[in-house]
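The values are calculated or read from the model by the stated rules, or taken from the named source; none is laboratory data. These numbers were taken from a predicted model, which means no experiment stands behind them. Note that each Cβ is placed from the backbone with ideal geometry, even for glycine, and that neighbours are counted across all protein chains shown.
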Amino acid sequence: MDETFAGSLLASTLRASTPLVLCALAGTFSERAGVIDLGLEGKLLATAFATAAVGVATGSLALALLAALAVGVALSMLHGYGCVSHPGDQVVMGMAITMTAAGLTVVLGMAWFGQGGQTPPLPQALRLQPWFADLGALLEKLPLAGTTLALGLTGHPLPVYAALLAVAGAWWLLFRTRFGLRLRAAGENPAMVEAAGVSVKGLRYRALALNGVLVSMAGAYLVTGLSPAFVPQMSAGRGYMALAAMIFGKWHPAGALGACLLFGFLDALSIRLQGMPLPAALGGGAVPVQAIQALPYLLTVVLLAGFIGRARAPKALGQPYAKERRA
Amino acid sequence: MASSASGQVALPGWIELALLPVFNVGIALLVAGVVVRAIGLDPLQVFGLLVEGAFGSRAGVSYTLYYATTFVFTGLAVAVAWHAGLFNIGGEGQATMGGLGAALVGLGLGSQLPAALLLPLMVLSAMLFGLAWAAVPGALQAWRGSHVVITTIMFNFLAAALIVYLLVGVLKDPAGMAPESRALGAAAQVPGMHQLLGVLGLDWPQTPLNATALLALAALAGVHVFLWHTRGGYALRATGLAPQAALYGGIAPRRQVLVAMGLAGALAGLVGINEVAGVHHRLLQDFAAGAGFAGIAVSLIGRNHPAGIAAAALLFGALHQGGAELVFEVPGFSREMVLTLQGLIVLFAGAMATVATPLFLRLHALARRAGRSRGAP
């Protein structure tokens, strides 16, 4: 394998992993607090659309990001209103958000831009600039894998690096702060949290707020970093794949990062291997790209089945918590 | 977890089962109306045209019933699992596999067998493929504790990948460019309703509505009889209501989980008969087209009961047909408006169904108090 190929594979792995990482962290926060989030896919789509629509209309990156943030957090709060304030079914809520977003983004997109649901390409001011481009020249001089590292690690837009930082931040918040301890307790044993005088509802709402912020970043990245415009259903199952990565990473930020990088790598690999012949030893023929694309889902099922280690969900996951009342 | 929506509330049956769902669907319609208004259309005009498109002509009614047939199968697939305490989000993948099962038999034996033998075999194969695709997540839930919601989602993606792999590979029509299979022979095509009615001497326009609709009616009746009038149905529902009590009563909950998922998958697999053998007459990549997810909405509004599912499937059939007509009649209207409304219905009649309950409890208590004071001497 030559260095340019390895470098570009590493680069596209990182870029493809970024929205997955952000969504998987979003899922980790809400699920650690006891709220299943099947709405990730819908939130990702809705925030991407908000970024693109406001970006095209105003030409301002700040306003576009603000719109994404508002939509993402609002959807998370809706989730909270139905399933934290009221004892609604969390799975149904997630499906509702995803279905509504899949429809509404196209309806509004067609009404506002009239291009079959697409937005026009985002103006140049909203395209994210490459970072650490100068560092690439330095890395290139390294022996052995210099070119690979330079091509693979530098010159990405900011969210790629921010997502990696967010993993560290999420780990610190969840496992090294009092807030994180309480948040995780709300997902394991909410009655105990309440007995200690801490509001389970408050914790779950705050987890959902963090969830909304992280999803907004992922959605905004889709249209400013990955693709030049909003296209209907452009989230393309990334929300569900992030959910799978979160489970694969055993509800831990570092584990989720590992799973997202693996899934991102498989995605990048399948695109590169499209139409390439198999080695003669494997019978020639075209590489079964679909098999590579299906691998993340298959691996997650195998993991869930307990055949490669054990994935244990937070104990109170999916259960609405109602404070006991004095009769 | 799916059963958490019911319980503790003491409202009379007619409010709980009829008024509340209608109220919640009404809210969803209202919000959809606001969206329609926001994109510059007249909600009342759109609604009127939608009803006319769905029921205004014999062809319109036929299309509505054709869509409803598919939604009956996917709705029942959600409901049967729900009664065993499971949430089946895998209807989409199970339907896809059902289509594959039907197509394999239809393509493989199409030239050897007469329709009278071939069609039942295709139905059986579609059900078996759907059953198998749902039984794996069911078994993993029962014996390995893998959450069926997550595994069925994964199986949807696996089914989608498999069907694409087959349709660009071995099953691809060598004569065409598109990823679709060869056309099914005449014997492997389910007769259209216009043909059946033609035999009876009735003149009916040619539409996608086919004999599978009768199968949907049989499925509705069959599920009702099974769930409420047989031992097996009792065991299944007991498992959903109280697994511990069921175990104490001599029912093996694990087996019931497998039975429920298998039955759900078999029902969803019948979508393959309606779409592949009944309409497209070849295996397409995305013939299920979200019907599996629509089934969640159908089952939710239908309160997981066959009668309710029949009504909800008709509602969704009408929405899909009316929506398709509207695209031609109203510039600026997109089919996705129907998907939006579907999502809003799941939101208000499903996820937030309990939000309105306290309001109705208060109103009910007020009404009773008023009734009592009026009745007092």
So, in the range A:81-107, of the ones that are surrounded by fewer than 24 Cβ atoms within 10 Å (Cβ to Cβ) and more than 7 Å from chain B (Cβ to nearest Cβ), which residue ends up nearest to B:V346 (Cα to Cα)?
A:Y81
May I ask you to list the residues in the range B:145-161 that are of a type in the set (A, V, I, L, M, F, W, C) and more than 7 Å from chain A (Cβ to nearest Cβ)?
B:V148, B:F155, B:A159, B:A160
Output the residues belonging to the range B:216-232 that are free of Cβ contacts under 8 Å to residues at least 60 places away in the same chain and of a type in the set (G, A, S).
B:A218, B:G222, B:G232
Determine which member of the set B:V136, B:V72 is buried (at least 24 other Cβ atoms within 10 Å of the Cβ) and of a type in the set (V, I, T).
B:V72
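With respect to A:I292, is the statement that it is closer than 20 Å to A:S17 by Cβ and either at pLDDT below 90 or surrounded by fewer than 15 Cβ atoms within 10 Å (Cβ to Cβ) (or both) true? It would help to see each step written out before you state the result.
On the way: closer than 20 Å to A:S17 by Cβ: yes; either at pLDDT below 90 or surrounded by fewer than 15 Cβ atoms within 10 Å (Cβ to Cβ) (or both): yes.
The answer is yes for A:I292.
Condition first: assigned to a helix (DSSP H, G or I), at the interface with chain A (Cβ under 7 Å from one of its Cβ atoms) and either touching a strand residue (DSSP E or B) at 6+ places or on another chain (Cβ under 8 Å) or in contact (Cβ under 8 Å) with a residue 24 or more places away in the chain (or both). Now tell me which residues in the range B:313-342 satisfy that.
Looking only at the range B:313-342, we keep the residues that are assigned to a helix (DSSP H, G or I), and these are B:313-329, B:336-342.
Then drop every residue that is not at the interface with chain A (Cβ under 7 Å from one of its Cβ atoms), which leaves B:336-337, B:339-340, B:342.
Once the filter is applied, which keeps residues that are assigned to a helix (DSSP H, G or I), at the interface with chain A (Cβ under 7 Å from one of its Cβ atoms) and either touching a strand residue (DSSP E or B) at 6+ places or on another chain (Cβ under 8 Å) or in contact (Cβ under 8 Å) with a residue 24 or more places away in the chain (or both), the range B:313-342 yields B:M337, B:L339, B:T340, B:Q342.
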Considering B:A102, B:A132, which residue is aliphatic (A, V, I, L, M), closer than 30 Å to B:G323 by Cα and touching a residue at least 24 places away in the same chain (Cβ under 8 Å)?
B:A102
Any idea which of B:R369, B:R303, B:R362 is surrounded by fewer than 23 Cβ atoms within 10 Å (Cβ to Cβ) and in contact with a Pro (Cβ under 8 Å, 6 or more places away or on another chain)?
B:R303
Being more than 30 Å from A:G34 (Cα to Cα), outside any loop (DSSP other than H, G, I, E, B), in contact with a helix residue (DSSP H, G or I) (Cβ under 7 Å, 6 or more places away or on another chain) and within 14 Å of chain B (Cβ to nearest Cβ) is true for just one of A:I292, A:I247. Which residue is that?
A:I292
Among the residues of the range B:194-216, what is the count of those that are exposed (fewer than 14 other Cβ atoms within 10 Å of the Cβ) and within 21 Å of B:S299 (Cα to Cα)?
1
Subset of the range B:85-141 [more than 14 Å from chain A (Cβ to nearest Cβ) and of a type in the set (V, I, T)]
B:V105, B:V123
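Kindly establish whether B:V346 is within 14 Å of another protein chain (Cβ to nearest Cβ), among the β-branched types (V, I, T) and surrounded by fewer than 23 Cβ atoms within 10 Å (Cβ to Cβ).
no
Could you identify the single residue in A:A62, A:A111 that is without any contact (Cβ under 8 Å) to a residue 24 or more places away in the chain, part of a helix (DSSP H, G or I), surrounded by fewer than 23 Cβ atoms within 10 Å (Cβ to Cβ) and within 8 Å of chain B (Cβ to nearest Cβ)?
Just one listed residue meets the conditions, A:A111.
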(1) modelled with pLDDT under 95; (2) assigned to a helix (DSSP H, G or I) all hold for B:L217 apart from (1)
Would you be able to say whether some residue in the range B:259-277 is surrounded by 18 or more Cβ atoms within 10 Å (Cβ to Cβ), in contact with a His (Cβ under 6 Å, 6 or more places away or on another chain), more than 14 Å from chain A (Cβ to nearest Cβ) and more than 30 Å from B:A142 (Cα to Cα)?
no
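From the list B:V105, B:V80, which one is under 30 Å from A:A313 (Cα atoms) and at pLDDT 95 or above?
B:V80
Does A:A145 count as over 27 Å from the mean Cα position of the chain (by Cα) and more than 14 Å from every other protein chain (Cβ to nearest Cβ)?
yes
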Which residues, counting only those in the range A:84-105, are within 20 Å of A:Y240 (Cα to Cα) and either touching a Pro at 6+ places or on another chain (Cβ under 6 Å) or not aliphatic (A, V, I, L, M) (or both)?
A:D89, A:Q90, A:G94, A:T98, A:T100, A:G103, A:T105
For the range B:162-179, give me each residue that is part of a loop (DSSP other than H, G, I, E, B), surrounded by fewer than 19 Cβ atoms within 10 Å (Cβ to Cβ) and within 14 Å of chain A (Cβ to nearest Cβ).
B:G169, B:V170, B:K172
Quick check on the range A:250-272: of everything there that is more than 13 Å from the chain's Cα centre (by Cα) and within 14 Å of another protein chain (Cβ to nearest Cβ), which residue is modelled with the highest pLDDT?
A:W251
From the list A:P277, A:P228, pick out the single residue that is of a type outside the set (S, T, Y) and farther than 29 Å from A:A67 by Cα.
A:P277
Return yes or no: is B:L20 assigned to a helix (DSSP H, G or I), at pLDDT 90 or above and not small (G, A, S)?
no
For the range B:348-360, does any single residue satisfy the condition of being closer than 30 Å to B:L171 by Cα, assigned to a helix (DSSP H, G or I) and of a type outside the set (K, R)?
no
Out of A:T119, A:T177, A:T154, report the one residue that is surrounded by fewer than 18 Cβ atoms within 10 Å (Cβ to Cβ), farther than 20 Å from B:L341 by Cβ, of a type in the set (V, I, T) and more than 8 Å from every other protein chain (Cβ to nearest Cβ).
A:T177
Can you tell me which residue within the range B:180-194, out of those that are of a type outside the set (G, A, S) and under 26 Å from the mean Cα position of the chain (by Cα), is farthest from the other protein chains (Cβ to nearest Cβ)?
B:P191
Hits in the range B:240-278 (condition: within 19 Å of the chain's Cα centre (by Cα) and not in a helix (DSSP H, G or I)):
B:L270
